[in-house]
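A.B. asks: Okay, here's the structure, questions in a sec.
The values are calculated or read from the model by the stated rules, or taken from the named source; none is laboratory data. Keep in mind that what you see is a predicted model, and the values were worked out from it rather than measured. In this analysis, Cβ positions are derived from the backbone assuming ideal geometry, glycine residues included, and neighbour counts consider all displayed protein chains. Keep in mind that these areas ignore ligands, DNA and RNA; they rest on the heavy atoms of the full protein, side chains included. Shrake-Rupley method; radii C 1.70, N 1.55, O 1.52, S 1.80 Å.
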Amino acid sequence: IFYQVSPDNLPLYIDLGMTLTKLGEEARIPLRAFSLEGAARADLRQMHRRAGRDGAEFSVIPRSEVPGVMPELRAVSEAWLAEKQAGEKRFSLGYFNERYLSYFDCAVVRRAGVIVAFANLWRAGRDTELSVDLMRYGDGAPKGVIDILLVECILWGRANKYEWFSLGMAPLSGLEEHPLAPTWHKVGRLVQRYGEAFYHFDGLRKYKQKFLPVWRPRYLAAPGRFGVAGALLDVTSLISGGVGKALKK
């Protein structure tokens, strides 16, 4: 089973006889054209300026120095988990692990010299694409700190000659809605419509849309027509950290 397959490789999976199921769409920002100027990004621009006035300071900590700030990162992570009353996820979602985090540069927001938010930086495509995995904020973080963190990471990526910044996937986004739509698209639309109280599908896409990204479909490739349902259940279990946790969600 292959998860979040990009459109570039679809012919390969089709040749292997696999069934493709659309999972959603990935939001990607072309960095050369990114700017906070103009009416379209006025809200982001105002937030960014307000953060500076509120004492928010952004920096990227090289991976070699990350172990030295690990106690601060752990304190932020534990405060986030307590505030959200959430447990750690797995697989396609980042979770706090000191050994893992020490492999990456870490973007941080400080206030009065104290780290109040962080995200580890992923590099891909021979350093042409940038993204973040684990994002957490804690006590004392300014309002809109995740926006601040993402905008600063995007600006940092542009300054360092990256071409794309990925905001990750919006699950069940871009599914067709018409009488001849594939069965999974119809099921996905129902999940999206009636599952909004449990997972903010529509809200997540709207949040990422304010960065004006380019949307790219992502798929799940599984063997045979009847292996898709089992594959989706397995993926859900992996992300939730086990079958028992998945059933509680």
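A.B. asks: On the accessible surface of region 29-75, probed at 1.4 Å, how many percent belong to carbon and sulfur atoms?
C.D. replies: Ligands and nucleic acids excluded, carbon and sulfur give 48 percent.
A.B. asks: For region 31-38, in order, what is each residue's ³J(HN,Hα) by Karplus, 6.51 cos²θ - 1.76 cosθ + 1.60 with θ = phi - 60°, in whole Hz (x at glycine and Pro)?
C.D. replies: Whole-Hz 3J(HN,Hα) from phi for region 31-38: 6, 4, 9, 6, 7, 8, 7, x.
A.B. asks: For region 75-180, what proportion of DSSP beta bridges, expressed in % and rounded to the nearest 5, is antiparallel?
C.D. replies: 80 percent
A.B. asks: What are the ³J(HN,Hα) values, in whole Hz, obtained from phi via the Karplus relation 6.51 cos²θ - 1.76 cosθ + 1.60 with θ = phi - 60°, for each residue of region 156-171 in sequence order, with x given for Gly and Pro?
C.D. replies: These are the phi-based 3J(HN,Hα) values: 5, x, 5, 5, 9, 6, 6, 9, 9, 10, 9, 8, x, 8, 9, x Hz.
A.B. asks: What number comes out for accessible area per residue over region 1-150 if the probe is 1.4 Å? Units Å², please.
C.D. replies: Each residue of region 1-150 exposes 53 Å² on average to a 1.4 Å probe.
A.B. asks: Placing unit charges on C-beta atoms (Lys and Arg positive, Asp and Glu negative, everything else neutral), compute the dipole magnitude of region 11-120 about its Cα centre in debye, rounded to 20.
C.D. replies: With Lys and Arg at +1 and Asp and Glu at -1, about 260 debye.
A.B. asks: Now, a different point. Determine by what factor the alpha-carbon radius of gyration of region 19-147 differs from 2.2 N^0.38 Å, reporting the quotient. Before the final figure, lay out the partial values.
C.D. replies: Working: Rg = 16.1 Å, N = 129, 2.2 N^0.38 = 13.9 Å.
Working it through for region 19-147, the quotient is 1.15.
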